[in-house]
1. Scan segment 161-179 for residues that are modelled with pLDDT under 95 and not in a strand (DSSP E or B) and jot them down.
2. Being surrounded by 12 or more Cβ atoms within 10 Å (Cβ to Cβ) and without any contact (Cβ under 8 Å) to a residue 60 or more places away in the chain is the filter here, so list the residues in segment 166-175 that pass it.
3. Condition check: within 24 Å of residue 208 (Cα to Cα), surrounded by fewer than 17 Cβ atoms within 10 Å (Cβ to Cβ) and outside the structural domain of residue 44 (by TED's automatic domain parsing). Does residue 149 satisfy that?
4. Of everything in segment 180-213 that's part of a strand (DSSP E or B) and in contact (Cβ under 8 Å) with a residue 40 or more places away in the chain, which residue is surrounded by the most Cβ atoms within 10 Å (Cβ to Cβ)?
5. Looking at (1) more than 18 Å from residue 147 (Cβ to Cβ); (2) outside any loop (DSSP other than H, G, I, E, B), which is the only condition residue 52 fails?
6. Mind telling me which of the residues 60, 46, 35, 51 ends up being under 18 Å from residue 89 (Cβ atoms) and at pLDDT below 80?
7. Is it true that residue 115 is modelled with pLDDT under 95, assigned to a strand (DSSP E or B) and surrounded by 15 or more Cβ atoms within 10 Å (Cβ to Cβ)?
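The values are calculated or read from the model by the stated rules, or taken from the named source; none is laboratory data. No experiment lies behind these values; they were computed from the predicted model shown. A quick note on method: Cβ atoms are made from the backbone with ideal geometry, for glycine too, and the neighbour counts reach across all protein chains shown.
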C-alpha cells in the first residue's frame, strides 16, 4: 500500500499546494516479518512546468536536508517526508511516487498534478450548500509559501451577536471548514438568516472575493 499527502492533506488532481510543500509518503508491507529500515525501493519523480510538452521527469534525491524518514513502526508502515529546500516556481507539476515492498512486490504508483503560485493571496471564499439543513461547508483558497498566522470565521445572528466562531489551522490550497448549525456552546440554533465574516487574513485578497455573506439555516 502506498499513500501520499501534501502538507498533511490528501489533495485532488490539480489542487494548489504551497511553494515548499511537505510531501509525506507512506508505504506499508503486508508481510509483518519484513521491517523496512531505509528508503530502498522507494522512488519519487517530479515533472516541472513545461510549455513545450513531453518534458522529462526528474528523479528526486532522497537524501540530505530535503528528506527525512522513520523506520517501520508497529503497524509495519514506513514513512518518508520530502520538502524542497527552495520554493518551487509557479506552474503545474506532476508528481509520481513508486515503491516496492521488501519482497519485491511493486505497489500501484501514485501520480497527481498540483499547482504552485508563490504570490500570497486569498483567491476564493464562500459557503455551500446555502440554504442548508444539517451541515454546510465554508471554503477558503490560499496561495503562497506559508499560510496566514491566524484565520477565523465568525457567525452572527441578525442582532449582531456572535453565535459561533470557527477556528482551524490554515493551509495553502483549499481549506474546508464545516458548520452544523450549532452555537459555540453546542446548542441547536433556530432556523433563520445568519451572517458570516472571515477574519484575520494577513495577506492580499483577490478583488473578486467577499469576506462576508449570508447563510440561510432551515429546519
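1. 168, 169, 170, 171, 172
2. Of the residues in segment 166-175, the ones surrounded by 12 or more Cβ atoms within 10 Å (Cβ to Cβ) are 166-168, 170-175.
Within segment 166-175, 166, 167, 168, 170, 175 meet the criteria.
3. Values: within 24 Å of residue 208 (Cα to Cα): yes; surrounded by fewer than 17 Cβ atoms within 10 Å (Cβ to Cβ): yes; outside the structural domain of residue 44 (by TED's automatic domain parsing): yes.
When the stated conditions are applied, residue 149 passes them.
4. 196
5. With respect to (1) more than 18 Å from residue 147 (Cβ to Cβ); (2) outside any loop (DSSP other than H, G, I, E, B), residue 52 is out only on (2).
6. Values: 60 fails: at pLDDT below 80; 46 fails: at pLDDT below 80; 35 fails: under 18 Å from residue 89 (Cβ atoms).
51 is the lone residue from the list that is under 18 Å from residue 89 (Cβ atoms) and at pLDDT below 80.
7. Working: modelled with pLDDT under 95: no; assigned to a strand (DSSP E or B): yes; surrounded by 15 or more Cβ atoms within 10 Å (Cβ to Cβ): yes.
The answer is no for residue 115.
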